[in-house]
Amino acid sequence: MVSTLTLKGRSVVPGKVRGTALVSTKPISFLGGVDVNTGIIIERGHDLCGKSIRDVVLCFPHGRGSTVGSFVLYRLAKSGLAPKAIINSIADPVVVVGAIIANIPMVDKINIEMMTSGDIIEVDGREGIVRVFRGE
């Protein structure tokens, strides 16, 4: 049985995608926290350490770290290693700029505790709508 949960947040970067969720309870720093050559989270102690962000819907509370993180996200996108979309509880300016220049759909003001890694997620970045599908 498939259940669907619809969440309304704030549009940050437009675009529509569907993908598998990768959910973290911790902030992410793209500079130093993600390997720019592989798209794998390398920050020690991070709950996603060792996981790839490539082609997932990356859900995390907010970003942190240097403004260079925006360009790391852009480089990941140009290398085909970026997430399909980003969902945050609170949009951090570093992540927002990175998502804009990398053209990654982004929504914030979403309770990420409502999602679990492995859920199928549809993101409508223009409308700020996130649909969570379980049991597919």
**OP:** Go through (1) in a loop (DSSP other than H, G, I, E, B); (2) at pLDDT 95 or above one by one and return the number of the condition LEU58 breaks.
**Re:** (1)
Original post:
Going through the stretch 113-134 one residue at a time, which ones are over 11 Å from SER11 (Cβ atoms) and either modelled with pLDDT under 95 or surrounded by fewer than 17 Cβ atoms within 10 Å (Cβ to Cβ) (or both)?
Top reply: GLU113, MET114, THR116, SER117, GLY118, ARG131, PHE133, ARG134
Original post:
Is there any pair linking a residue in the stretch 37-48 that is at positive phi to one that is modelled with pLDDT of 95 or more and in a loop (DSSP other than H, G, I, E, B), with Cβ under 8 Å and at least six apart or on different chains, and which?
Top reply: GLY39/ILE53; GLY39/ARG54; GLY39/SER79; GLY39/LEU81; GLY39/ALA82
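How many residues does the stretch 35-55 hold that are assigned to a strand (DSSP E or B) and either buried (at least 19 other Cβ atoms within 10 Å of the Cβ) or among the small types (Gly, Ala, Ser) (or both)? First the steps, then the outcome.
Taking the stretch 35-55 and keeping what is assigned to a strand (DSSP E or B), we get 40-41, 52.
Cutting the leftovers down to either buried (at least 19 other Cβ atoms within 10 Å of the Cβ) or among the small types (Gly, Ala, Ser) (or both) gives us 41, 52.
Looking only at that region, the number is 2.
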**OP:** Taking GLY32 as meeting all but one of (1) out of contact with any Phe, Trp or Tyr (no Cβ under 9 Å at 6 or more places or on another chain); (2) farther than 16 Å from PRO105 by Cα; (3) part of a loop (DSSP other than H, G, I, E, B), write down the number of the exception.
**Re:** (3)
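Criterion first (over 12 Å from PRO83 (Cβ atoms), hydroxyl-bearing (Ser, Thr, Tyr) and modelled with pLDDT under 95) does SER3 satisfy it? So that I can check it myself, show each step before the final result.
On the way: over 12 Å from PRO83 (Cβ atoms): yes; hydroxyl-bearing (Ser, Thr, Tyr): yes; modelled with pLDDT under 95: yes.
So SER3 fits the description; yes.
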Original post:
For the stretch 83-95, how many residues are surrounded by fewer than 16 Cβ atoms within 10 Å (Cβ to Cβ) and not in a helix (DSSP H, G or I)?
Top reply: 1
Subject >> First in the stretch 8-27 and closer than 15 Å to CYS59 by Cβ, second anywhere and of a type in the set (Gly, Ala, Ser) and surrounded by fewer than 19 Cβ atoms within 10 Å (Cβ to Cβ), Cβ under 6 Å, 6 or more apart >> reply: ALA21/SER117; LEU22/SER117; VAL23/SER117
Original post:
Any idea which of GLY65, GLY98, GLY80 is part of a loop (DSSP other than H, G, I, E, B) and either crowded, with 17+ Cβ neighbours inside 10 Å or within 13 Å of the chain's Cα centre (by Cα) (or both)?
Top reply: GLY65
Original post:
Of the residues that make up the stretch 89-98, is at least one of a type outside the set (Asp, Glu) and under 15 Å from THR20 (Cβ atoms)?
Top reply: no
**OP:** Test ARG18 against the criterion of being out of contact with any Gly (no Cβ under 9 Å at 6 or more places or on another chain), basic (Lys, Arg), modelled with pLDDT of 95 or more and outside any helix (DSSP H, G or I), and give yes or no.
**Re:** yes
Subject >> Odd one out for ILE104 among (1) assigned to a strand (DSSP E or B); (2) in contact with a helix residue (DSSP H, G or I) (Cβ under 7 Å, 6 or more places away or on another chain) >> reply: (1)
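The values are calculated or read from the model by the stated rules, or taken from the named source; none is laboratory data. Everything quoted here is computed from the prediction, not taken from an experiment. Note that each Cβ is placed from the backbone with ideal geometry, even for glycine, and that neighbours are counted across all protein chains shown.
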